[in-house]
Amino acid sequence: MKITSINPWLIKAEGTYWGEYFFVEVTTDEGITGWGEITTTTKMANRTIAGMIRQLNDLLVGDDPVQIERIWHKIFRTFTYMGSRGATCQAISGIDIALWDIRGKVLGLPIYDLLGGSVRDSILLYCHPDQSKFIDKAGVDREIRAIVDSGHTALKFDPFPHIEGANEDNDGYLDGGMSKAGERIAAELTAHVRGIVGPEIEILIDAHGRFNVPTAIRLCRSLEEAGDIDWFEEPVPVESYHALKQVREKVNAQLCVGERLHTRWEFVPIFENGLADYIMPDVTWAGGITELKKISTMAEAYYIPVSPHDASGPINVVAGAHVMMTVPNFYRVETAHHDLSSYNKFIQTPLNNTDGRLHLPNAPGLGIEMNMDFLHDNIVDGFGG
């Protein structure tokens, strides 16, 4: 079997945070097709990496898709001088997931069986409320109660208002500060959510890597007191392990990091220096199924739970779940909403996430097939097929 093409698909995804999903299709000369996903955080990044995917045809067409490990390193080393962060690993991730999908289809086995077999029957999830509906306390109540009523036992949200002076369309790190008024808003919202869910539901807080060291410490302590939070995620920007260490030494809340880390090598300092209680690599960004399994095994040696990040499309959540079916030190897989029916138009068989768990089918590869009619009808900017 030989790879015959690698195709990026940018697909309109109305009503989602990104507005589009970025899938990767790998075709073979035996008619078996595999699918992966990347879906970066900006439309510009999607188009940049889609161009890389097209260029990789020159590198990979004619290769044997069975040689997943060899192809992973072939792509990675081609871009060595560009570094491992970002675009390189995202391109690898999409292709790697598709190759595992092909391998499973060839052998007639789900990917989790190819990774050593399952250690659990289903995948525990956590999800997000729709914060656009947090216009008043009644709106907060409805969103949070819907999550609890759906059977989820953990939820995550970002309680912080926009950083003063930052571009509202890109609420990222600027000076890393937060006003006292913003701190009070976050604490009051977190306390209100805790009051709704009670003591048994886990509340996860996402800081989105937006704060400087003293601000992150102050805000984390405030939320510890206000809402008995179960983790504080990405307190500072990813570039400085030292900044993370400073926060780690001054707060009591459990810390989670990893959605912006790429490959096992970037997780080594986290493990060796005890900088996090949980890690959250993204299967579509960190290096694919191959790398997520390796990162998870490394984390197991340190008894650190793994909770894959997912903020995009159906392949993201399914690919991460396949790996987590085989990982002893698994916590939960993230999903954008408690109701995953918005994915149904992209795939032929709906995902089953009853009772706050994802139930993977015992089907070859990823176990899902793409809805090609919908994909063809919703191609963006000519990236498809």
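The values are calculated or read from the model by the stated rules, or taken from the named source; none is laboratory data. Just so it is clear, the model here is predicted, and its values are computed rather than measured. Every residue, glycine as well, gets a Cβ built from its backbone with ideal geometry; the counts of neighbours run over all protein chains shown. Protein only, heavy atoms only, side chains kept; ligands, DNA and RNA dropped before computing areas. Shrake-Rupley method; radii C 1.70, N 1.55, O 1.52, S 1.80 Å.
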For this session: Using only Cα atoms, tell me the angle between helix 213-227 and the longest principal axis of the chain; keep it within 0 to 90° and round to the nearest 10.
Result: 70 degrees
Seminar exercise, completed: Taking Cα atoms, the helix 263-272 axis meets the longest principal axis of the chain at an angle in degrees (rounded to 10) of 40 degrees
Exercise. Going by the alpha-carbon gyration tensor, a ≥ b ≥ c the square roots of its eigenvalues, is segment 55-213 rounded (a/c under 1.5) or, if a/c is not under 1.5, prolate (a/b greater than b/c) versus oblate?
Worked result: oblate
Seminar exercise, completed: Checked segment 312-385 against the a/c 1.5 cut and the a/b vs b/c comparison, axes a ≥ b ≥ c from its Cα gyration tensor; verdict prolate
For this session: Enter the mean projected area of the convex hull around the alpha-carbon atoms of segment 243-385, in nm², rounded to one decimal.
Result: 10.4 nm²
Exercise. Which lysines have a Cα lying under 26 Å from the Cα of Lys250, excluding residues fewer than 8 positions away in the same chain?
Worked result: Lys156, Lys180
For this session: Over segment 308-385, with every protein chain in place, what whole percent of the accessible area is carbon and sulfur at 1.4 Å, could you tell me?
Result: 47 percent
For this session: Can you spot the lysines whose alpha carbon is less than 16 Å from Lys137's alpha carbon? Ignore those fewer than 8 places along the same chain.
Result: none
Problem set entry | Solvent-accessible area per residue for the chain (1.4 angstrom probe, square angstrom) | 40 Å²
For this session: Taking 7 Å along the Cα-to-C-beta vector as the label spot, tell me the Asp136-Asp175 distance in nanometres, rounded to one decimal.
Result: 3.5 nm
Problem set entry | Label-point separation in nm, His242 to Thr354, each point 7 Å along Cα→Cβ | 5.4 nm
Exercise. Normalized C-alpha radius of gyration of the chain, against 2.2 N^0.38 Å?
Worked result: 0.96
Exercise. Based on the mean of other beta carbon atoms within 10 Å per residue, what is the order of 312-318, 233-239, most packed first?
Worked result: 312-318, 233-239
Problem set entry | Tilt relative to the chain, helix 288-301 - C-alpha long axis, 0 to 90 degrees, to 10 | 50 degrees
For this session: Report the full-extension gain for the segment Val66 to Tyr302: residue separation times 0.36 nm, less the Cα-Cα distance, to one decimal in nm.
Result: 81.8 nm
For this session: Compute the normalised compactness of segment 208-264: alpha-carbon radius of gyration over 2.2 N^0.38 Å, N being the residue count.
Result: 1.07
Exercise. Roughly speaking, to the nearest percent, how much of segment 249-292's 1.4 Å accessible area is carbon and sulfur?
Worked result: 39 percent
For this session: Work out the FRET efficiency for His73 and Asp228 from their Cβ-Cβ distance, taking R0 = 41 Å, and round it to the nearest 0.05.
Result: 0.35
For this session: Give the Kirkwood hydrodynamic radius (Å, one decimal) of segment 18-111, defined as one over the mean of 1/r across all pairs of different Cα atoms.
Result: 13.6 Å
For this session: Report, to two decimal places, the Cα Rg of segment 145-302 normalised by 2.2 N^0.38 Å (N = number of residues).
Result: 1.06
For this session: With a cut-off of 11 Å, note down the residues of segment 229-246 whose backbone N falls inside the zone around a label point 7 Å from the Cα of Arg85 toward its beta carbon.
Result: 237-241
Problem set entry | segment 101-150 and segment 296-320: distance between their alpha carbon centers, rounded to Å | 12 Å
Seminar exercise, completed: Whole-Å distance linking the alpha carbon centroid of segment 72-93 with that of segment 356-385 is 25 Å
Problem set entry | Only Lys, Arg (+1) and Asp, Glu (-1) charged, at Cβ; the chain dipole about Cα centre in debye | 600 debye
